[in-house]
């Protein structure tokens, strides 16, 4: 039976596991997207979502609690000033896991862990631009039909 198993040990020592998860969450907040194995992503997601929930309220206490795990001051500031305000209206589910496929060497299940409201940096693909234009046209068309009736 698997009762009361709170987390995946990831076949590592406690110090190695904590350091790895700290580094993964730091990189996740830095790039807002990482590629890793499914098991690591699930564990990193737990840590990252708790940090974002705390960061939504910018207090000295919350900053110190998160600073225990994120040692980079620039990333810590980014979490409190950019990421948390974007997630202010959400009640949870700040990250998503997208399956990529299997790794060639050992057939590990690879995924992409990313923040849901990922910043685009102004880079929008042609496909996304067409989607936005199509939705705008459909909206104006529906409004015009509503006015006729």
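So here's what we get for this one:
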read-out: Candidates 120, 58, 128, filtered to the one that is more than 23 Å from residue 10 (Cβ to Cβ), surrounded by 11 or more Cβ atoms within 10 Å (Cβ to Cβ) and modelled with pLDDT under 95; value: 128
read-out: Qualifying position, being in contact with a helix residue (DSSP H, G or I) (Cβ under 6 Å, 6 or more places away or on another chain), under 19 Å from residue 32 (Cα atoms) and surrounded by 11 or more Cβ atoms within 10 Å (Cβ to Cβ), among 70, 112; value: 70
read-out: Which numbered condition residue 101 fails, given (1) out of contact with any strand residue (DSSP E or B) (no Cβ under 9 Å at 6 or more places or on another chain); (2) not in a helix (DSSP H, G or I); value: (1)
read-out: Per-region count, region 73-86, residues within 30 Å of residue 15 (Cβ to Cβ) and surrounded by 14 or more Cβ atoms within 10 Å (Cβ to Cβ); value: 7
read-out: Any hit, region 28-46, residues being more than 20 Å from the chain's Cα centre (by Cα), at positive phi and either touching a residue at least 12 places away in the same chain (Cβ under 8 Å) or surrounded by 11 or more Cβ atoms within 10 Å (Cβ to Cβ) (or both); value: no
read-out: Qualifying position, being over 18 Å from residue 92 (Cα atoms) and at pLDDT 95 or above, among 37, 25, 53; value: 37
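The values are calculated or read from the model by the stated rules, or taken from the named source; none is laboratory data. Values in this document were obtained by computation on a predicted structure and should not be read as measured data. FYI the Cβ positions are ideal-geometry reconstructions off the backbone, even for glycines, and counts take in every protein chain you see.
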